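Asker: Dropping the structure in here first, questions after.
Bear in mind these aren't lab numbers, they're just calculated from the coordinates by the rules spelled out. Given the structure is predicted, the values throughout are model-derived calculations rather than measurements. Here the Cβ is made from the backbone with ideal geometry for all residues, glycine too, and neighbour counts use every protein chain on show.
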Amino acid sequence: MTDYEYGRILNKFHKLSDRHIIVAETDMPYSDVLKVVALSDKIRKAGNELVGLMRRNHDQLMRTKRYRKLLSLYGSTENIAKRKILADQLNEMQKSYNVTWDCCRKSMIPIGKKYGIDAIFALTKAEDVWRGMEKCLYGSGKTIHFSKFGELPCIRAKQISRGIPISVKDNRLQFKLGKKAFGIQIADRFQMDEVNAVLSYLNEPEIMDKKAVDTLLEDAYCIDTYRPCYATLVPQMIRGKYRVYLHLTIEGKAKPKYDKYGNPRHKYGKGMIGADIGTQTVAYTSDTEVGLKNLSERGDSIQTSERKERLIYRAMDRSRRATNPQNYNEDGTVKKGRKIWKYSNHYKKMKVRHSELCRINAVNRQLAINEDANHLRSLGEIIVTEPKNAGKLMKRSKETTKNDKGKFNKKKRFGKSVKNRCPGGFQTTLERKFKATGGTYIEVPNNYRASQYDHTADDYIKKKLSDRLYKLHDGTEVQRDWYSSFLLYCYEPKTQNIDKDKCAKTFEAQYNKEKTLITWIKAYKIKILNSGINVA
């Protein structure tokens, strides 16, 4: 095998292999932390300048009638040859209006020099901006947005030899940013196992790469090399003080986690799970357990924290209105046009409290999501759920309707619930968790309609959204979310429909578990949101 062929196969391996990230706090002195924060703010300013340029070019492109007409024709044409011709014309117009990746990259070069940013960091920021522009050109994006003052973007170089290079000193990982060298603080056994695996690769990289190439050629399989791909510095404000974390992207699957006794921390179950994920709750049915719980909740304090977050935000709004009356209309709406805002010291203190509370709630939310996903993985290996629709639920209704009394119905949807409970994030975590651990993630087709089917009547019966507890055709009262999860549990993969025989055979046993669960919820007075279960 020639060196060229070897390099080509190695590049193919790098593209096919899995990747994961470990997060560890750096051991920088605080003076260096402040320099990292200053560099991050420079990257933010440079990115905003590039966003302004690309946004202006994109707006000019979208103003042309010809481009809009070509977009319309491209969307309505099914002929492949005609679509290719239209795509070429669209690309030519994008090129003439400087809305291309090449233009974005070249425009960032003088901007990066203006702010004194390393070329690799400027290139990475340009990639981020172009990714947002691609959503506007080819996806559902409307426009790209600027980064606000105080938002600190990450410092990333997608090459391990540039920007933030890695080396080994005294059998420890060492990184450099400019002339400053720093390490990471290892907090637990999992991080230690990951670091040891990276050190093992760095001690003999040629041998590991050759082993990876041989395995790919012989077995068509990607081994876990634990090659460090690139490093990212992420500055954060925590309890009024800046801290810098290093995100190291590593080739291969993550090491398994163990408890203090050496036992695997996470267990993987066998069997099928049906999960009905709502805006605020998740109901599930498996071979061994049924459940109904609030999403993103760890203990009883989360609802108190969310309420405190809302109260502080309302107090901030009152303060802002009191100190800037000239910026509001008589009906309370904000005036259009450029405005000058003044903020009191009281407002600034509340903003710091609100930011810290939002950060704590976000961390607890993510921890709760991971815990729930791990628990569901311990119950089975195949999870069946409905397609993701959290983004659609957040949108306001466009139609203006009235109720029976002649009053206008509210147009708001589930924005606050989706923000506080993150059903979309939970479903994405479930998908990633099951696929990464050898499980199967299934989303049923839209015509499955688990919430409308009644297996005792063998018919689809439409129900109101407010009917949380309802009776089946034979008089059995069930909780709606749980019953939907039961019907998802009875999914038949071959026909992609409800397995009616399984419904009839397993319903009684699963229904008894559901009654026991509701009795336990009432006994301990656990408030399950929008469940219809009265615990007062």
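Asker: List the relative contact order of region 378-516 as a percent without decimals, with contacts defined as Cα pairs under 8 Å and 6+ residues apart.
Answerer: Computed over region 378-516, the figure is 21 percent.
Asker: A further question follows. Answer with one residue from ILE207, ALA181, LEU152: the one whose Cα lies farthest towards the positive end of the charge dipole of the chain, charges on Cβ with Lys, Arg +1 and Asp, Glu -1.
Answerer: Going by the Cα projections, it comes out as LEU152.
Asker: Through the Karplus equation 6.51 cos²θ - 1.76 cosθ + 1.60, θ set to phi - 60°, convert the phi angles of region 397-403 into ³J(HN,Hα) values in whole Hz; use x for Gly and Pro.
Answerer: Using θ = phi - 60°, the values come out as 5, 8, 7, 9, 10, 10, 8 Hz.
Asker: Run down the lysines and flag those whose C-alpha is under 17 Å from the C-alpha of LYS125, throwing out any fewer than 8 positions away in its chain.
Answerer: Reachable lysines: LYS42, LYS45, LYS106, LYS113, LYS114, LYS135, LYS148, LYS158.
Asker: Here is a follow-up. Which net charge results when you count Lys and Arg as +1 and Asp and Glu as -1 among the other residues whose beta-carbon is under 15 Å from that of ASN48?
Answerer: Numbers: positive: LYS42, ARG44, LYS45, ARG55, ARG56, LYS114, LYS125, LYS148; negative: ASP41, GLU49, ASP128, GLU151.
Once all neighbours under 15 Å are counted, the net charge is +4.
Asker: Which of GLU206, GLU381 comes first, and how do the rest follow, when ranked by fewest Cβ neighbours within 10 Å?
Answerer: Arranged by neighbour count, lowest to highest, GLU206, GLU381 become GLU206, GLU381.
Asker: For the chain, calculate the relative contact order in percent as a whole number, restricting contacts to Cα pairs under 8 Å that are 6 or more residues apart.
Answerer: Relative contact order for the chain comes out at 14 percent.
Asker: Given +1 on the Cβ of Lys and Arg, -1 on the Cβ of Asp and Glu, and no further charges, what dipole in debye does the chain carry about its Cα centre, rounded to the nearest 20?
Answerer: It comes to approximately 3740 debye.
Asker: So, one more: How compact and how long is the chain, expressed as Rg and Dmax of its alpha-carbon atoms in Å?
Answerer: Considering the chain through its Cα atoms, Rg and Dmax are 27.4, 81 Å.
Asker: Related question: Which peptide among 5-12, 456-463 comes first, and what is the full order, when sorted by highest mean count of other Cβ atoms within 10 Å?
Answerer: 5-12, 456-463
Asker: Please give every one of the aspartates and glutamates within straight-line cross-link reach of LYS257, meaning a C-alpha to C-alpha distance under 20 Å, and leave out same-chain neighbours fewer than 8 residues apart.
Answerer: Candidates past the 8-residue exclusion: ASP18, GLU25, ASP188, ASP193, GLU194, ASP224, GLU371, ASP372, GLU381, GLU431.
Asker: Determine, for ARG314, ARG189, the number of other Cβ atoms within 10 Å of each Cβ, and report the residues in order from fewest to most. Let's see the in-between values first.
Answerer: Numbers: ARG314 10, ARG189 15.
Least crowded to most crowded, the residues run ARG314, ARG189.
Asker: At 1.306 mPa s and 10 °C, plugging the Kirkwood radius over alpha-carbon pairs of region 430-536 into Stokes-Einstein gives what diffusion coefficient in µm²/s? The partial results should precede the final answer.
Answerer: On the way: Rh = 15.4 Å.
The calculation lands on 103 µm²/s.
Asker: Next up: Could you give the spread of the C-alpha atoms of region 168-235 along their three principal axes, from largest to smallest, in whole angstroms?
Answerer: Per principal axis, max minus min of the Cα coordinates gives 43, 28, 25 Å.
Asker: Would you list VAL37, VAL23 from fewest to most Cβ contacts within 10 Å?
Answerer: VAL23, VAL37
Asker: Taking only DSSP H segments of four or more residues, each worth -39500 (n - 2.57), what value at 222 nm results for the chain once the sum is divided by all its residues, to the nearest 500 deg cm²/dmol? Write out the running numbers ahead of the final one.
Answerer: Numbers: 15 runs with 260 residues, N = 536.
Per the formula, -16500 deg cm²/dmol.
Asker: Which whole-number percentage describes the relative contact order of region 269-406, with Cα contacts under 8 Å and a sequence gap of 6 or more? Working shown, then result.
Answerer: Details: 128 pairs, mean separation 53.6, N = 138.
Result for region 269-406 is 39 percent.
Asker: Mean Kyte-Doolittle hydropathy of 0.0 or higher plus an axial Cα length of 27 Å or more: which whole DSSP H helices in the chain meet both?
Answerer: Length and hydropathy pass: 119-138.
Asker: With +1 on each Lys and Arg Cβ and -1 on each Asp and Glu Cβ, and nothing else charged, work out how big the dipole of region 233-297 is about its Cα centre, in Debye to the nearest 20. Intermediate values should be presented prior to the final figure.
Answerer: Working: 11 positive and 6 negative charges, 108 e Å.
Here the size comes out at about 520 debye.
Asker: Could you please state, rounded to a whole Å, how far the C-alpha centre of region 183-236 is from the C-alpha centre of region 1-69?
Answerer: Here the two parts' Cα centres lie 22 Å apart.
Asker: I've got another one for you. Can you compute the modelled spin-label distance between ARG338 and LYS416, with each label point 7 Å from Cα toward Cβ, in nm?
Answerer: It is 3.6 nm.
Asker: Next question, about the same structure. Which of TYR67, TYR489, MET316 sits closest to the plus end of the dipole of the chain, meaning its Cα is farthest towards the positive end, when Lys and Arg get +1 and Asp and Glu get -1 on the C-beta?
Answerer: So the residue furthest toward the plus end is MET316.
Asker: Could you go through region 141-150 in sequence order and give the Karplus-derived ³J(HN,Hα) for each residue, using 6.51 cos²θ - 1.76 cosθ + 1.60 with θ = phi - 60°, rounded to whole Hz, and x for Gly and Pro?
Answerer: Values per residue, Gly and Pro as x: x, 9, 7, 9, 10, 7, 8, 6, 5, x Hz.
Asker: Here's a follow-up. What net charge is computed for the residues neighbouring TYR491, neighbours being all others with C-beta under 15 Å from the C-beta of TYR491, Lys and Arg scored +1, Asp and Glu -1?
Answerer: -3
Asker: Out of GLY52, THR249, GLY7, whose Cα points farthest toward the positive end of the dipole of the chain (charges: +1 Lys, Arg; -1 Asp, Glu; placed on Cβ)?
Answerer: GLY52
Asker: Please give the net charge around TYR261, taking every other residue with its beta carbon less than 15 angstrom from that of TYR261, where Lys and Arg add +1 and Asp and Glu add -1.
Answerer: Around TYR261, the surrounding residues sum to +3.
Asker: How big is the convex hull of the Cα atoms of region 38-141, per residue, in Å³? Working shown, then result.
Answerer: On the way: hull volume 9.7 nm³, N = 104.
With only Cα atoms used, region 38-141 gives 93 Å³ per residue.
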